[in-house]
Amino acid sequence: MGIRIVPKEDLGQERLKEKGIGFIPPVLFPNLKSLYQRRAERLKELAAGEHPFADYLKFAAEVAMAQHNAQHDHPLEIDMSAVLTRSMASNNPPLDAKTFPRTNHWHSILHAIIAELLPVVPDSARPALENLDKASESELEEMATALLSEQFEKVPSDKSIFVWAALSVYWAQMAAKIPGKARAEHGDHRHYCPVCNSMPVSSVVQIGTSQGLRYLHCNLCETEWHMVRVKCSNCEQTRDLNYWSLDDENAAVKAESCGDCGSYLKILYQEKEAKVEAVADDLASIILDARMEEEGFARSSINPFLFPGEK
C-alpha cells in the first residue's frame, strides 16, 4: 500500500518534517463539526435555479443534514489504539469495510436519521424509511454486509441510501478518532481509501494550505488521501489521460478519463469554485456521467446517492 496509518510515535524523525516546506499530508481525516452541514448547504445551493435534478439535490441535502444531527446526537466512544495496533500487525487498513467487526452503534444512527427524515422527505420515500425503521437487527446487518462488500444489487436502491448514510457516519466517527498519522510509502495501489479500503467518490484539487494538491475523497469514512495529479486514480497510468467538462476548459468540475483502463473519475477544482464539495458537486454533475458513458468510459467510483439498483 502506498499510504499507511501508523501510531504517531512510530513516525520518528518524520514528525519533525511535518509542516515544513514541501510537506504533503498523505491523509486528511474527516472534520465532523462541519462536514455534513457544509455538504447540505452546497447541495441546496446547487439545487437553486433551474437544475434539472433540483428536487433530488434538495432530498440529498435533507439526508446530509440528518447525518449531521445524528452524529451530533449519537457521539461514538471508542478506543482506536487497539484497532491501529491490529492494523499494523496485519498490514491492512485499520477500518477495512469488508472485515471490520462493526457494532450496533450504526443502528442508533440509522434510526436517528430516519426520525429526522420522516417529517421532511417526499411521500414516495416514506415507505422505505418506515420499513427500515421496523427491520430486525439481522436484516439491517445483511444489508450492511452486502453494501460494504460492494454487492450493491442485493439491497433495494430506495433503502441503500439510508443504510449507507448511517454506515458512513459510523465509519467517519471512527476515522476521526484514529490516534495515528499517515505515512507515504513507496508503491502504488492508492485507488482505495487507506483507512477503510473503500472506493472514492471523486477527487478535489484544493486551495489553502494544500494549494494545488489533489485528494481522493472516500465515499464511506469521508477521509481524503493524496493522489498526484495527471495520473489515473484507478490504474495509475499517465500516458492516455483526457479531461472532459460540460462547459469549458475553466469548468470547476471535470471528468478525468483513462484510455488504458477505460475508467473515469470526477476531479473538482477549488481554485475555480471554492465551495465545491466532493459528494455534492459529483452528484449535481450527473449529466457529465451520462456523457462519459456515451464516450465508452466506466465510472471508477460510487456516489452514496447513486448506488446501482437491485437486479
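Nothing in this text is a laboratory measurement; each read-out follows from the coordinates by a stated rule. Since the structure is predicted, the reported quantities are computational estimates derived from the model, not experimental observations. Using ideal geometry, Cβ is built from the backbone for each residue, glycine included, and neighbour counts are taken over all protein chains shown.
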Check: If you average over every viewing direction, what projected area does the convex hull of the Cα atoms of the chain give, in nm²?
Finding: 16.3
Notebook entry, point to check: Once the dipole of the range 205-265 is set up with Lys and Arg at +1 and Asp and Glu at -1 on Cβ about the Cα centre, which of SER257, THR238, HIS217 lies farthest towards its positive end?
Noted result: THR238
Checklist line | Charged-residue dipole, Cβ positions (Lys, Arg, Asp, Glu), the chain about Cα centre, Debye nearest 20 | finding: 1020
Next item on the list: Report the charge-dipole magnitude of the range 110-178 in Debye, nearest 20, computed about the Cα centre from +1 at each Lys and Arg Cβ and -1 at each Asp and Glu Cβ.
Entry: 200
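Can you give the convex hull volume of the alpha carbon atoms of the range 28-121 per residue, in Å³?
Values: hull volume 12.6 nm³, N = 94.
Expressed per residue, the convex hull around the Cα atoms of the range 28-121 is 134 Å³.
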Next item on the list: Compute the signed sum of charges (Lys and Arg +1, Asp and Glu -1) over the other residues within less than 14 Å, Cβ to Cβ, of ALA125.
Entry: -4
Check: Where does each of 250-258, 198-206 land if you order them by average Cβ count within 10 Å, highest first?
Finding: 198-206, 250-258
Next item on the list: In nm, give the distance between the simple-model label positions of THR99 and SER136, each being 7 Å from the Cα along the Cα-to-Cβ direction.
Entry: 3.0
Notebook entry, point to check: Taking every pair of alpha-carbon atoms in the range 210-308, what share in percent sits in each 5 Å bin, from 0 to the bin with the longest distance?
Noted result: 2, 13, 24, 27, 23, 9, 1
Margin query: Show me, for the range 56-61, the HN-Hα J-couplings you get by feeding each phi into the Karplus relation (A = 6.51, B = -1.76, C = 1.60, θ = phi - 60°), rounded to Hz, glycine and proline as x.
Written below: 6, 5, 5, 5, 4, 4
Check: R0 = 45 Å: FRET efficiency of ASN91 with GLU293, Cβ-based, nearest 0.05?
Finding: 0.80
Check: According to a simple spin-label model (label point 7 Å from Cα along Cα-to-Cβ), what is the distance in nm between ALA82 and GLN211?
Finding: 4.6
Next item on the list: Please build a GNM for the chain, connecting alpha carbons under 10 Å apart, and tell me which residue among ALA176, ALA61, ALA40 fluctuates the most.
Entry: ALA176
Notebook entry, point to check: If the chain between ASP123 and ARG229 were fully stretched, how many nm would it gain, using 0.36 nm times the residue separation less the Cα-Cα distance?
Noted result: 33.8 nm
Check: Which of the aspartates and glutamates could a cross-linker span from LYS154 if the Cα-Cα distance has to be under 14 Å and same-chain partners fewer than 8 positions apart are dropped?
Finding: GLU139, GLU141, GLU142, GLU310
Note to self: Let me test this: with uniform point scatterers at the alpha carbons of the range 70-187, what is the Debye-based log₁₀ I(q)/I(0) at q = 0.10, 0.12, 0.14 1/Å?
What the structure shows: -0.35, -0.50, -0.65
Notebook entry, point to check: If you add up the charges near PRO94, with Lys and Arg at +1 and Asp and Glu at -1, over every other residue whose beta carbon is less than 11 angstrom from its beta carbon, what do you get?
Noted result: +2
Notebook entry, point to check: Which FRET efficiency value, to the nearest 0.05, do you get for LYS275 and ASP55 by plugging their Cβ-Cβ distance into 1/(1 + (r/R0)^6) with R0 = 22 Å?
Noted result: 0.60
